Amino acid sequence: MESFRLNKTVATRVIQGGGHPWIYRNELPKLPLDFPPGELVELVDPKGRFIAIGYCNPKSVISVRILSREREKIDGDFFLRKIAGADAYRKRFYAGEESYRVVYSEADLLPGLIVDRYGSDIVIQLLTAGMERHTESILAAIESLFSPQAIVARNDIPSRALEGLPVERKVLSGKLEPPVVILKNGLAFEIDLLEGQKTGFFLDQSENYLQLEGLVAGGEVLDTFCYTGGGRCMRPDSAPKR
């Protein structure tokens, strides 16, 4: 694993206050033209002391994204532990629900990875070359934790092209059997996991749906630009007139 020595200013930014998760291209030493995109690297301070492990893509303005601030192997066990920890955290807020965002990139210390659960199906987005390199380990962790009927890749984000990756969508494992129907706050939604916006539904807005319920109960609401109607994702007995 190659080691990058950061200058004092950059090292301080990465360390202080929990640490910034990114290193920009102009903050790194000059990299060889043949540096493999997504390769793991070790970051050290000006005195050579360990700071973190990340992955590097010199094609990206954000050249290094940090994965761990400990000296550890970035392998199948690492991803299993991280995804399991993210799922356990989400279940504190979505107890009893089967559709929610499991992994939200940097927020779960897995930069470049999105994992959305739609009942028995899982949708992932691998946004960076660094995460793409670990596809096999990520899929194995998801299979172990959720035993999904299908795992779908929604790698149709334009930013993948900036990482030197193909923009695509496909079923990675299992069999996708549409229509996929999920329940959110007592309402049923039919989801298109291959063609719908984002990963099929705005699961990252779950908390906002609940907040909206308390604000509009008993009132009249003009429901516009809400995609599948998620803005009315509240209990039927509290839904306002439309």
In whole Hz, the Karplus estimates of ³J(HN,Hα) for region 51-68 (6.51, -1.76, 1.60; θ = phi - 60°; x where Gly or Pro) are 10, 6, 10, x, 10, 10, 9, x, 6, 9, 4, 7, 7, 10, 10, 7, 9, 8
Amide H neighbours of Asp121 at under 5 Å, excluding residues fewer than 5 places away on the same chain, with H built from the backbone geometry, are Gln149
Output for region 28-110: chymotrypsin sites (Phe, Trp or Tyr not before Pro) sitting in coil per DSSP, at most 11 other Cβ within 10 Å, listed by number, reads Phe93
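Given a cut-off of under 8 Å on Cα pairs at least six residues apart, what relative contact order in percent is computed for region 78-198?
20
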Qualifying trypsin sites (Lys or Arg not before Pro) for region 108-176 [loop in DSSP, other Cβ within 10 Å: at most 14]: Lys175
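How would region 123-178 be classified by its alpha-carbon gyration tensor: rounded, prolate or oblate, with rounded meaning a/c under 1.5 and the a/b versus b/c comparison settling the rest? Walk me through the intermediate numbers first.
Numbers: a/c = 3.19, a/b = 1.53, b/c = 2.09.
It comes out oblate by the Cα gyration axes.
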Separation between Cα centres of region 162-181 and region 91-136, rounded to whole Å: 14
Suppose we flag GluC sites (Glu not before Pro) only when DSSP calls them loop and at most 15 other Cβ atoms lie within 10 Å. Which is the longest uninterrupted stretch of the chain? 99-194
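Under 16 Å between alpha carbons: how many lysine pairs meet that in the chain, if sequence neighbours fewer than 8 apart on the same chain are excluded? List each step's numbers first, then the result.
Details: Lys8/Lys47; Lys30/Lys59; Lys73/Lys82; Lys82/Lys91; Lys91/Lys184; Lys170/Lys198.
The number of close lysine pairs in the chain is 6.
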Looking at the chain, I'd like the Rg to Rh ratio, where Rg is from alpha-carbon atoms and Rh is Kirkwood's inverse mean 1/r. 1.03
Could you line up Thr128, Thr9 from fewest to most neighbouring Cβ atoms inside 10 Å? Thr9, Thr128
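A short reminder: the numbers here are calculations on the coordinates, not readings from a lab. Being a predicted model, the structure only gives us computed values, none of them experimental. In this analysis, Cβ positions are derived from the backbone assuming ideal geometry, glycine residues included, and neighbour counts consider all displayed protein chains.
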